[in-house]
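Heads up, the thing below is written out as structure tokens.
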Amino acid sequence: MMEITFRMYDTTRYDGMNQETSLLIAVVLYIIVTVVFFSNLLIAQLNCAYQSTYQDMVGYARLNRGKVVTEAMTFASDQRWQKFLASLRLEERCEFGEGDIGLAGGIQVFEPANANITTVDMIRRFGGSTSPLAQWPEDDVLGEDEDDRMERMEKLIDKAMKRMTSSRGGKKKNGGSSGQNSSSMGQTVSSESDHEVSDSHD
């Protein structure tokens, strides 16, 4: 079997297997399984090698980019560098949202509102002193309460929407039954009025 796997088996000896069909079928199945297995093993090895070489390529590309930047910095004049720094506006505070002023020293990049939808506010602010000696406020309970309130509000809104949709569907389906109920109510009212008239005659 190992000779067949490594193609060291004499091909003229396959003719003798024609007399025994069960042996021939077993050998053919063995050859198919080994070919598929070794081809998948080769693909897995190439994939792992590509991942390692890709990481090396990314590292070398970053090093080359840094080398190009450092070499180009020597050709830039001070006036041009200062103009570039002024265009970055690093002294201005970036806005987290409309009217929500954040920190300075960053470059603001805009993106569509539906690109990364977040239902929970990730920015938490604390009032008071910024001294490192002051104790940091404990907001675990408050944060959980706010999260619980938001979840409760969302659940209430979902329930209300489901009730509204179900009531609309029920009104459409029970339109005929409501008409029948109104007619039956009219009959009962008329029968009660007849009883009252008969009682007055008595």
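The values are calculated or read from the model by the stated rules, or taken from the named source; none is laboratory data. Quick caveat: nothing in here was measured; it's all calculated off a predicted structure. Neighbour counts run over all protein chains shown; Cβ positions are idealised from the backbone, glycine included. These accessible areas exclude ligands, DNA and RNA; they are computed on the full protein's heavy atoms, side chains included. Shrake-Rupley method; radii C 1.70, N 1.55, O 1.52, S 1.80 Å.
See the values below:
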quantity	calculated
DSSP-loop chymotrypsin sites (Phe, Trp or Tyr not before Pro) across the range 43-115, with at most 10 other Cβ within 10 angstrom	Phe75, Phe110
Total charge dipole magnitude, the range 67-106, about the Cα centre, Cβ charges on Lys, Arg, Asp, Glu only, Debye to nearest 20	280 debye
The range 52-119: GluC sites (Glu not before Pro) in DSSP coil with no more than 10 other Cβ atoms inside 10 Å	Glu91, Glu98
Note, ³J(HN,Hα) from phi for the range 103-108, Karplus 6.51, -1.76, 1.60, rounded to Hz, x at Gly and Pro	9, 8, x, x, 10, 7
Accessible area, probe 1.4 Å, largest first, for residues Met17, Met1	Met1, Met17
At most 11 other Cβ within 10 Å, DSSP loop - trypsin sites (Lys or Arg not before Pro), the range 6-98	Arg7
Only Lys, Arg (+1) and Asp, Glu (-1) charged, at Cβ; the range 1-130 dipole about Cα centre in debye	440 debye
